[in-house]
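What follows is one structure encoded as structure tokens, with my remarks underneath.
The values are calculated or read from the model by the stated rules, or taken from the named source; none is laboratory data. Source: prediction; values computed, not measured. Heads up, the Cβs are rebuilt from the backbone with ideal geometry, glycines too, and the neighbour counts pull from every protein chain shown.
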Amino acid sequence: MASIFTKIIEGEIPAHKILEDDHYLAFLDIFPLSEGHTLVIPKQEIDYLFDLDDELYTGLHLFGKKVARAIRQAVPCKRVATAVVGLEVPHAHLHLIPINTMADFDFDKQKLKPASEALTTTAENIRKCL
């Protein structure tokens, strides 16, 4: 069965896309830890990050770096943190999370529930910085 991320790639589920190429996709998390929280995925559905071949793994991180730079310009923050958790969706992915303190990086805290319009605006602001 296809992961929710594969369904996003195939257009079956809408997403607030930031950047896409033939191999990778970046889109906003709909329940973010902070404004601009973005997920970066390979389009090839592989469950575990360290099962990616070297080229796909390296490309994912370079793609994520480009997106993280745009996030940092678009969203007020000291840093863009990255995390690889991978338990919630069986599809390798990076979390790019704008942070000002370590508390902003706590996955146990209450997630935000922004309106779709707010996510659209955030995605547009990030895309303008690419």
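Numbers below:
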item: Tally, over segment 99-130, of residues that are closer than 12 Å to L33 by Cα, in a helix (DSSP H, G or I) and more than 15 Å from the chain's Cα centre (by Cα); result: 3
item: Any pair with Cβ under 8 angstrom, 6 or more apart, that starts in segment 69-91 at a residue that is within 15 Å of R127 (Cα to Cα) and surrounded by 14 or more Cβ atoms within 10 Å (Cβ to Cβ) and ends at one that is at pLDDT below 95 and of a type in the set (F, W, Y); result: none
item: Cβ pairs under 7 Å, 6+ apart, first in segment 6-31 and farther than 19 Å from E88 by Cα and of a type in the set (A, V, I, L, M, F, W, C), second part of a loop (DSSP other than H, G, I, E, B) and at pLDDT 95 or above; result: L19/L130
item: Test set (1) farther than 20 Å from C129 by Cα; (2) free of Cβ contacts under 8 Å to residues at least 12 places away in the same chain - E117 fails condition number; result: (1)
